[in-house]
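Every read-out reported here was derived from the displayed coordinates using simple, explicitly stated rules and does not represent laboratory data. The structure displayed is predicted, hence computed values, not measured ones. Ideal geometry is used to build each Cβ from the backbone, glycine not excepted, and the neighbour counts take in all protein chains shown.
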Ligand SMILES: [Zn+2]
């Protein structure tokens, strides 16, 4: 077992990591699923995003990579809580419409999604939402980086804030690109949050994790501040992450390469 040498305090983290991997693997079947199943899963994720209050009205969008030049994406102007598979659109790598039913049109934020796929060939799905606590930090320009939750350190590391860009312009993908090589989640300044992973469920779970982390940071601040883990404790968790085989990018993988990231 990769963690038998770790100190006793990490036993819990190892058990948690095994649960995380099991959960992720159970839900990581996008590559094998057929297109209709993917469309249905996108509707299910839409319901979860909407019912958990991660979006208001018709906000939010997500996409799934079918192959290098075909992507399924959510439509604009439709509540993500009430989508059916027929609402889902198909676009190419340049954002051109390949297929849509009726008057449904792809989200205008697909430029941002396509930039993620371009820069990160390992990514199979992208989720964008406006969860209230994460968006509060995004509006305040505050990254999620205080080491107060072991789970957040393991799954996310830190969550940076990508600079503001006018919606639907190239400013947004250009701002996002800066962090794509190093992180699997980021806040979008004065806007919301962006997560991605090797399956739609994986990307969605990261959005849940980002919102939970932001909520705990906010609430502990209201209580006068959290007790932060030490650099050594964070280092132990990063060591678990490095040896875990978990997919995606994480600050632990770039410990010595990026100044300011520990
Ligand atoms: Zn948005």
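Taking other C-beta atoms within 10 angstrom as a stand-in for reagent exposure, 118, 111 fall in the order 118, 111, fewest first.
Assuming a viscosity of 1.567 mPa s and a temperature of 4 °C, what translational diffusion coefficient in µm² per second does Stokes-Einstein assign to region 133-262, Rh being the Kirkwood radius over Cα pairs?
On the way: Rh = 15.0 Å.
It comes out at roughly 86 µm²/s.
For region 8-249, relative contact order (Cα pairs under 8 Å, six or more residues apart, normalised by length) works out to 20 percent. Computed from label points 7 Å out along Cα-Cβ, the spacing between residue 218 and residue 40 is 3.5 nm.
Using C-alpha pairs below 8 Å separated by at least 6 residues, the relative contact order for region 125-262 is 32 percent.
Take the alpha carbon atoms of region 190-216, find their center, do the same for region 104-182, and report the distance between the two centers in whole angstrom. Cα centroid to Cα centroid, the span is 9 Å.
Shape verdict for region 24-125, please, from the Cα gyration tensor: rounded (a/c under 1.5), prolate (a/b greater than b/c) or oblate. Present the calculation step by step, with values, prior to reporting the outcome.
Working: a/c = 1.41, a/b = 1.13, b/c = 1.25.
Because its axes are fairly even, with a/c under 1.5, region 24-125 counts as rounded.
Across region 8-249 the C-alpha pair distances fall into 10 Å bins from zero in the proportions 8, 33, 37, 18, 5, 0 percent.
Hydrodynamic analysis of region 64-118 uses the Kirkwood radius over alpha carbon pairs. Inserted into Stokes-Einstein at 37 °C and 0.692 mPa s, it gives a translational diffusion coefficient of 293 µm²/s.
The residue 118 and residue 166 beta-carbon pair, evaluated with R₀ = 25 Å, returns a calculated FRET efficiency of approximately 0.80. Fewest-first ordering of 73, 43 by other beta carbons within 10 Å of each residue's beta carbon gives 43, 73.
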